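Please read the structure below before turning to the comments.
What follows is calculated from the coordinates using simple rules that are stated; it is not laboratory data. Since the structure is predicted, the reported quantities are computational estimates derived from the model, not experimental observations. Counting neighbours? That spans all protein chains shown, and the Cβs are built from the backbone with ideal geometry, glycine included.
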Amino acid sequence: MKYDVVVVGSGPAGSMTARFAAESGANVLIIERRQEVGVPVLCGEGISKGVDEFKVLEGKRWLANNMDGARIISPDGTMVKLAADMAGDETGYVLYRDIFDQELARGAIRAGAELMLNTCAVNILKENGKIKGVKAKQFGEEFDIEADIVVGADGVESKIGRWAGMKTTLKPYDLETCAQYTLSNVEFDRAYCDFYLGKKIAPGGYAWIFPKGKDIANVGVGILASLSEPGMSLKLLDKFINSRPELKKGEPLRFLAGAVPVAEPIESVRDNLLLVGDAARQVDPITGGGLMASIEAGKTAGETIGKAIDEQRFDKEMLLPYEEKLKNTLYKKLKRNYVVKEIILGMEDKTLNMLADSLKDYKFDELSTLSLVKALVLKHPSLLIKLKPLLKLSRL
Amino acid sequence: MGKPKALVDKGKCLACGGCISVCPQDAIAMCSSKAIVSKENCIDCGICIQTCPVGAIGNEVH
Ligand SMILES: Cc1cc2nc3c(=O)[nH]c(=O)nc-3n(C[C@H](O)[C@H](O)[C@H](O)COP(=O)(O)OP(=O)(O)OC[C@H]3O[C@@H](n4cnc5c(N)ncnc54)[C@H](O)[C@@H]3O)c2cc1C
Ligand code: SF4
Ligand code: SF4
């Protein structure tokens, strides 16, 4: 079996990479160890409206709910609202993540990529120290898949990078460990995604309510692994739900455990190899949102691969423009937000309450972590000192 | 008595991959949607045990 490109993982990062590589003429195979793309769902399913600009989704089957904005609730219950000016002017979506992933995979297949399910990469294939493809296993049988370029889009637990000798192990303070129910028969404002902060609610993270419909919502808790004890995410989630009558009466339709990297992006390119998405730690360290980053990085990766195939050169230098381009775009935001994450982690609950109180009537011009940071600095010039490394970053 | 090693309760594991991403020894792998610890590589640092969101990992003495 020989392809130009073998992509390991059919999540958003893998499918986007495969699609754009195939569109530029590469012969692409995606392998996925699951038996159905996108299933089981391991996600809060929130995404910003910015996804529209990529024009990679057809129809609306993937869309569960339109969002007007987000609300941040401080430990003492003070609410900061980040919303579009006009009600009904949606700023984001809650997805059916399984259908969303399948739509992205369909886009890759339409562009010419092949997809092999039930197929797990078990190692990297090397010849004289050079990466030559992957070793895969399907229904108990091992076989080789040769390819000029291997793409590790294998998510948070990524092994492809490790097998290639890259340092992908996450520090516990760079991982959010999560539990989530999709609850039916619950009450909430379906126009907003809510984020609850506080050391007692979710140390080093937050609890969330992301509405999927009139009386269905994803309700979850994510905490920093370095502050976690065994089974703590689930215990805190049950506590969060039981302390709120509007949630307590709900019944779960789905339960999941999850892990999200909240690290800085890592080295992602070697000769004949690229990492994309969670595997490259391309996730917003403040929100833990990785879908938009995976989509943006996947597109860039696919386009870079297209050029490499054109020139029949697969060395690191040829693939590096992928990382260079992201350094000037996505990574600026991710690095800035990593600094903000560290500042927020250092704050006591009473500081969070004070900051929320100062912003509760603030009118945000846009819904983004950047506008939140700007508002904080405006209200509290003293924060500027803490944010100094951040200003340096934004000038990069 | 041998050294303690991490052990995943297969009935509880929900395949989130968190333990795998933080294991400093690369001692855990996902097999048929369950995390499995390789006894040879585990140094019982306890990081995975602390990380698991549903408490599916414990110690076992060999
Ligand atoms: C609880 C939770 C809530 C989240 N909520 C949000 C949210 O609301 N909004 C948001 O933007 N992001 C959210 N995220 C983050 C988001 O889910 C990820 O950033 C995103 O899925 C990354 O996409 P990916 O393609 O890199 O990886 P994944 O979607 O994880 O895809 C990786 C794929 O690779 C496959 N794979 C892995 N190893 C192998 C192998 N060896 N062989 C073959 N296949 C393999 C897996 O089966 C999987 O299909 C959340 C994450 C969690 C855990
Ligand atoms: S952290 Fe727990 S639930 Fe997640 S894969 Fe490891 S053992 Fe399974
Ligand atoms: S105890 Fe430490 S070394 Fe052993 S599997 Fe868990 S994280 Fe890895």
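At a glance:
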item	result
Length gained when the stretch A:Glu348-A:Lys235 is fully extended (0.36 nm per residue, less Cα-Cα span)	38.5 nm
Antiparallel bridges, percent of DSSP beta bridges restricted to the range A:1-158 (to nearest 5)	65
Cα-based convex hull volume of chain A per residue, rounded to whole Å³	137
Cβ-Cβ FRET estimate between A:Asp52 and B:Ile43, R0 fixed at 51 Å, reported to 0.05	0.60
Over 30 Å between alpha carbons, listed pairs A:Lys316/B:Lys34; A:Lys132/B:Lys3; A:Lys239/A:Lys335; A:Lys199/A:Lys335; A:Lys2/A:Lys167	A:Lys316/B:Lys34; A:Lys132/B:Lys3; A:Lys239/A:Lys335
FRET efficiency for A:Tyr362 and A:Leu117, using Cβ-Cβ distance with R0 set to 60 Å, rounded to 0.05	0.80
Length released on extending from A:Arg254 to A:Lys126, taking residue separation times 0.36 nm less the Cα-Cα span	42.0 nm
Relative contact order %, the range A:104-205, counting alpha carbon pairs below 8 Å whose residues are six or more apart	14
Virtual spin-label span in nm between A:Arg162 and A:Ser382, 7 Å along Cα→Cβ	4.5
Environment charge at B:Val8 (Cβ cut-off 14 Å; Lys +1, Arg +1, Asp -1, Glu -1)	+1
Relative contact order (%) - the range A:336-393, alpha-carbon pairs under 8 angstrom, separation at least six	46
Centroid-to-centroid separation of the range B:44-62 and the range A:326-365 [C-alpha atoms, Å]	32
Spin-label model distance (nm) - A:Gln312 vs A:Phe143, 7 Å beyond Cα toward Cβ	2.7
Equivalent ellipsoid dimensions for the range A:336-393 as semi-axes, Å, which come from the Cα gyration tensor, largest first	17, 15, 10
Rel. contact order, % - alpha carbon contacts under 8 angstrom, at least six apart, chain A	21
Counting DSSP beta bridges with both ends in the protein assembly as shown, the antiparallel % (nearest 5)	75
Spatial separation of Cα centroids for the range A:274-301 and the range A:17-53, in angstrom	12
Whole-Å distance, taken between Cα centres, linking the range B:24-43 and the range A:92-106	31
